[in-house]
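Report on one structure; see the data block that follows.
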Amino acid sequence: MSTLTLPSPREEAWRWSDLDTLRAAADSVPEATGVDPSTLFLDIAGPRLLFVDGAFEPAHSRPGPVQLTALEMTGDHPLGRLAQGEGWVLRLDAAAATDPVQIVHLGTGGENHVPARIDMADDAVATVIETYAGRGWTNRLLHASLGKGARLQRAVRILQDEGFVSIRDEAQIGEAASYVSTVLGAGGSGSRIDGFLRLDGVGAYAEMGGALLTRGEQKQEAAVAVHHAAIEGTSRQIWRAVAADASTASLAARAEVARHAQKTDGEQSLRGLLLKRTATVNLKPELEIFADDVKCAHGATVGELDAKALFYMQSRGIPEPQAKALLTRAFVADALDRIGDETVRDTFAADAEKWLEAAL
């Protein structure tokens, strides 16, 4: 669309982004996807919300404690700030808990924007599972606020076949609170997973990671920053990327430690696996540390399947395709096994398995 203003790839933070695919997806004409929305929900109890082209669809939904309302979001993120209007809000009182909340986004073409808020009082507990499917450009912004001792687990799976998915998470994490988010990109669309997590309370914990699986000429990207603003905070950024054919997967992880945020424990683990040498994996770990009593580390590696391991498995009678699948599955599981709920974890593993069967 002529009025759509996007970041420039000349900007360092956007140099790997597939903005041409995003723009084409925004300009695409809506058409039926043939996807049955009911198949996108996991078979677990709890609230369910379906958004079709960014609009709430009540026929396949049961919101429960989740409120549907117009939201005016703040922020200067170039994509996130476009997510205004009708969205969803989950508010939990102190020590409250809810069954897992499932949010499904189904696009048919064009652009759609959904804002969301999660506000959790002290010691509240919640699990939120999001699924993206269909086509077009789906853009989502989440603002989360966690009180003392609150625990939020998020699991996001991108199964969209065409177009582009952009996700922006912004979270404020209070004293002894825990924010854990795991993302699986296993569809055919382009994507950008963006995050800014701020540890405001003593002993806060933040984790954001997952697996991006790309093939063909697809491009997927994750760019997450964690800001430690209080003492004794812990953060983990654990990402895995598997790239086949001529595709590109890009991972950027940044940890910022303020001067007064002593006794911070931060870890970044970025690993890429090339299934073909025509594929590309970009990795960019960053540490910005102003405190002197910290334990922070990062690692970044890109390589191919271990030739010695393949030879050993074949010498034990395992055919080469099966051996490659086993090694790749173990590589991806390193990130997905961090999902706490067994049913959710098994579903994500099955999504990854389906991708592997098509790619190998």
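The values are calculated or read from the model by the stated rules, or taken from the named source; none is laboratory data. Just so it is clear, the structure is predicted and the values come from calculations on it, not from any experiment. Backbone-built Cβ (ideal geometry, glycine too); neighbour counts: all protein chains shown. Only protein heavy atoms, including side chains, enter the accessible area calculation; ligands, DNA and RNA are left aside. Shrake-Rupley method; radii C 1.70, N 1.55, O 1.52, S 1.80 Å.
Among residues of segment 95-107 that are touching a residue at least 60 places away in the same chain (Cβ under 8 Å) and of a type in the set (Ser, Thr, Tyr), none has a Cβ under 6 angstrom from a residue that is surrounded by fewer than 19 Cβ atoms within 10 Å (Cβ to Cβ) and assigned to a strand (DSSP E or B) at a sequence gap of 6+ or on a separate chain.
Apart from one condition, residue 54 fits all of (1) crowded, with 16+ Cβ neighbours inside 10 Å; (2) touching a Ser or Thr at 6+ places or on another chain (Cβ under 9 Å); (3) under 27 Å from residue 151 (Cβ atoms); the exception is (3).
The combined condition, being of a type in the set (Val, Ile, Thr), part of a loop (DSSP other than H, G, I, E, B), within 21 Å of residue 110 (Cα to Cα) and open to solvent by 60 Å² or more (accessible area, probe 1.4 Å), is fulfilled by residue 29. When segment 133-154 is examined, which residues are found to be in contact with a helix residue (DSSP H, G or I) (Cβ under 8 Å, 6 or more places away or on another chain) and either within 18 Å of residue 37 (Cα to Cα) or open to solvent by 10 Å² or more (accessible area, probe 1.4 Å) (or both)? Result: 133, 135, 136, 137. What single numbered condition from (1) under 17 Å from the mean Cα position of the chain (by Cα); (2) under 19 Å from residue 18 (Cα atoms) fails to hold for residue 217? Here residue 217 meets the rest and fails (1).
In segment 162-188, which residue that is in contact (Cβ under 8 Å) with a residue 60 or more places away in the chain and part of a loop (DSSP other than H, G, I, E, B) is surrounded by the most Cβ atoms within 10 Å (Cβ to Cβ)? The selected residue is 163. When 72, 130 are checked against the criterion of being open to solvent by 50 Å² or more (accessible area, probe 1.4 Å) and among the acidic types (Asp, Glu), a single residue qualifies: 72. A single entry from 106, 90, 152, 71 fulfils the requirement of being over 20 Å from the mean Cα position of the chain (by Cα) and on the phi < 0 side of the Ramachandran plot: 71. For residue 76, the conditions (1) assigned to a loop (DSSP other than H, G, I, E, B); (2) farther than 20 Å from residue 195 by Cβ; (3) of a type outside the set (Val, Ile, Thr); (4) over 19 Å from the mean Cα position of the chain (by Cα) all hold with the exception of (2).
Taking each residue of segment 57-68 that is part of a helix (DSSP H, G or I) and looking for partners that are loosely packed, with under 12 Cβ neighbours inside 10 Å with beta-carbon atoms closer than 9 Å, six or more apart or interchain, yields 60/38. Against the conditions (1) open to solvent by 30 Å² or more (accessible area, probe 1.4 Å); (2) assigned to a helix (DSSP H, G or I); (3) among the β-branched types (Val, Ile, Thr), residue 318 satisfies every one except (2).
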